[in-house]
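J.: Here it is: the structure, laid out below.
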Amino acid sequence: MILGTLDQWNAYRNQLPAAVVQAVEKLRSQDLSALSAGRYEFEGSRSYFMVQEPETRALEATRHEAHRAYADVQIVLSGAERFGFAPIDPVLAPAEDRFEKSDIAFYPVPANESFVDVGAGMFVVFYPGEFHRPAIAIGSPTRIRKVVIKIHRDEL
């Protein structure tokens, strides 16, 4: 997992895979406030992004997830959310496996879970296999707006 702010983007550019840098820079050149919620393709790539407007939820109403084929780059545009995250545990079996259909599986709470609060202008990167639990409310549930970039592992 990598956590950063777009204000300090230049400090991260040399540390991230080229596909992550290219995708974030493509998005930074767009007026994201003009895009409606939905899925958008990156031309000439197996990667794509989604503009989402979820409502954050209480911790017990959220689930850990992981992906096999795609990394997540989640950028909060407005509001704030808490993420749970934990180290990769190859022994932990999914509680609900949807890898074949939609590249996601949900897991029981892994050992050593930690939390981080991510506000507007911040980003977090989760590589394939890394456990993460998005959209946890910080205090009361609230609507947020974010972009989730999905980068295929072959492009990393």
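The values are calculated or read from the model by the stated rules, or taken from the named source; none is laboratory data. Keep in mind the model is a prediction, meaning the values are calculated, not measured. Using ideal geometry, Cβ is built from the backbone for each residue, glycine included, and neighbour counts are taken over all protein chains shown.
J.: Does the range 137-151 contain at least one residue that is within 14 Å of the chain's Cα centre (by Cα) and over 25 Å from Gln8 (Cα atoms)?
T.: no
J.: Continuing with this model, one more query. Which condition from (1) in contact with a helix residue (DSSP H, G or I) (Cβ under 9 Å, 6 or more places away or on another chain); (2) among the β-branched types (Val, Ile, Thr); (3) over 30 Å from Ser36 (Cβ atoms) is the one that Val109 breaks?
T.: Single failed check for Val109: (1).
J.: Inside the range 2-14, can you point out the residues that are free of Cβ contacts under 8 Å to residues at least 12 places away in the same chain and either exposed (fewer than 15 other Cβ atoms within 10 Å of the Cβ) or in contact with a His (Cβ under 9 Å, 6 or more places away or on another chain) (or both)?
T.: The answer is Gln8, Asn10, Ala11, Arg13, Asn14.
J.: While we're on this one: How about the range 100-121: which of its residues are in a strand (DSSP E or B), under 15 Å from the mean Cα position of the chain (by Cα) and either surrounded by 19 or more Cβ atoms within 10 Å (Cβ to Cβ) or of a type in the set (Gly, Ala, Ser) (or both)?
T.: Ala105, Val118, Gly119
J.: Quickly run through the range 21-70 and pick out the residues that are closer than 27 Å to Asn112 by Cα and either β-branched (Val, Ile, Thr) or not in a strand (DSSP E or B) (or both).
T.: Pro54, Thr56, Ala58, Leu59, Glu60, Ala61, Thr62, Arg63, His67, Arg68, Ala69
J.: Filtering the range 16-34 down to residues that are exposed (fewer than 14 other Cβ atoms within 10 Å of the Cβ) and in contact (Cβ under 8 Å) with a residue 12 or more places away in the chain, which residue is farthest from the chain's Cα centre (by Cα)?
T.: Restricting to residues being exposed (fewer than 14 other Cβ atoms within 10 Å of the Cβ) and in contact (Cβ under 8 Å) with a residue 12 or more places away in the chain, the top hit is Ser33.
J.: Do we have any residue at all in the range 7-16 that's polar (S, T, N, Q) and closer than 18 Å to Asp117 by Cα?
T.: There is at least one residue in the range 7-16 that is polar (S, T, N, Q) and closer than 18 Å to Asp117 by Cα.
J.: Moving on. Looking at this structure, is Val73 in a strand (DSSP E or B) and either modelled with pLDDT of 95 or more or aromatic (Phe, Trp, Tyr) (or both)?
T.: Judged against the criteria, Val73 is a match.
J.: So, one more: Could you check the range 1-20 and list, in sequence order, the residues that are farther than 22 Å from Arg133 by Cα and in a helix (DSSP H, G or I)?
T.: If the condition is that a residue be farther than 22 Å from Arg133 by Cα and in a helix (DSSP H, G or I), then Asp7, Gln8, Trp9, Asn10, Ala11, Tyr12, Arg13, Ala18, Ala19 are the ones that fit.
J.: Another question, then. When you look at Ile138, is it surrounded by fewer than 17 Cβ atoms within 10 Å (Cβ to Cβ), closer than 28 Å to Ser36 by Cβ and either modelled with pLDDT of 95 or more or out of contact with any Leu (no Cβ under 7 Å at 6 or more places or on another chain) (or both), yes or no?
T.: When the stated conditions are applied, Ile138 passes them.
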